[in-house]
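Take a look at the structure below.
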Amino acid sequence: MNNRGIFIAVEGCIGVGKTTLATILNDHLGYVSLREIVEDNPFLSNFYKDIKEYALQTEAFFLFNRVKQLEDIEKNTLSQSKNVVSDYHIIKNLIFAGITLDKMQLHRYKQVYNTFVNDLPQPDIIIYLHSNTDILMKRIAMRDRSFERQMDRNYIEELNTEYKYYFSPLSIKHNFMGKEPIIIEVNNSNLDFLNNNDDRQFVINKVEKAIKTLGGKHNV
């Protein structure tokens, strides 16, 4: 193993608990935290009111902000032998764009995406969280973000389905060609990482086992 830091990403549908789990892992492992920019997207509120009208602006903002974040984390952290836990993987841009953009927009978007993503750091480990749609809608309502209050259940259902497709074994081989990460799949429909120590330790054990297979240490 070289001196580059270990990169762990947590992914899954809206409301699945990505940031909660990433924070728990950061605290436990002592890794550097990388958090996606959500609230700063100026198009997001209008997007949830009229997805088709504001899809391109919303997806473009997220793409370029995440590209910059990942470029910075590579330069300032991973290349300096420091380990990272992120609450997203940039492949989510393709997942969201695939259900929000029209055919021509998506074609052009993929061209831009591929141009930038090829040179970005890719995670060594991805924790793919998934829950049933009813649970996701309940969690979205409980956190009560202003721009999510009119969340369409059909949108979450479709997004949930797309996540399952992208993280199926065949899709992983296609989308992560060249560097296939270790995938830790966790159904957390009935898990509570925040309040239940057994649930928390369950996923921590899986992550620590994966880190060991990479030859890495838990802490920097």
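The values are calculated or read from the model by the stated rules, or taken from the named source; none is laboratory data. Predicted model, so just to flag it, every value in this text is computed and none were measured. Because the Cβ atoms are built from the backbone with ideal geometry, glycine has one as well, and the counts that use them run over all protein chains shown.
Details
- Within the option set 99, 95, 127, being part of a strand (DSSP E or B) and touching a residue at least 40 places away in the same chain (Cβ under 8 Å) holds for one residue only, 127.
- Scanning the stretch 26-67 for residues that are assigned to a helix (DSSP H, G or I), closer than 16 Å to residue 123 by Cα and of a type in the set (Lys, Arg) returns a single hit, 66.
- The stretch 94-122, residues that are surrounded by 13 or more Cβ atoms within 10 Å (Cβ to Cβ) and β-branched (Val, Ile, Thr): 95, 99, 100, 112, 117
- Considered as a group, the residues in the stretch 52-88 that are polar (S, T, N, Q) and free of Cβ contacts under 8 Å to residues at least 60 places away in the same chain include one that is surrounded by the most Cβ atoms within 10 Å (Cβ to Cβ), and that residue is 58.
- Exactly one residue among 78, 44 is of a type in the set (A, V, I, L, M, F, W, C) and modelled with pLDDT of 90 or more, and that residue is 78.
- Pair list, Cβ under 7 Å, 6 or more apart: the stretch 151-174 residue closer than 15 Å to residue 48 by Cβ and without any contact (Cβ under 8 Å) to a residue 24 or more places away in the chain, other residue among the aliphatic types (A, V, I, L, M) and surrounded by 13 or more Cβ atoms within 10 Å (Cβ to Cβ): 153/137
- Residue 85, sole failed condition from (1) within 17 Å of residue 124 (Cα to Cα); (2) touching a Lys or Arg at 6+ places or on another chain (Cβ under 7 Å): (2)
- The number of residues in the stretch 148-164 that are surrounded by fewer than 16 Cβ atoms within 10 Å (Cβ to Cβ) and in a loop (DSSP other than H, G, I, E, B) comes to 3.
- Selected residue (criterion: nearest to the chain's Cα centre (by Cα)) from residues of the stretch 29-41 that are surrounded by 17 or more Cβ atoms within 10 Å (Cβ to Cβ) and at pLDDT 95 or above: 34
- Looking at 125, 140, 91, just one residue is in contact with a Pro (Cβ under 8 Å, 6 or more places away or on another chain), surrounded by 16 or more Cβ atoms within 10 Å (Cβ to Cβ) and not charged (D, E, K, R), and that residue is 125.
- Check on residue 137, at pLDDT below 95, part of a loop (DSSP other than H, G, I, E, B) and under 20 Å from the mean Cα position of the chain (by Cα): no
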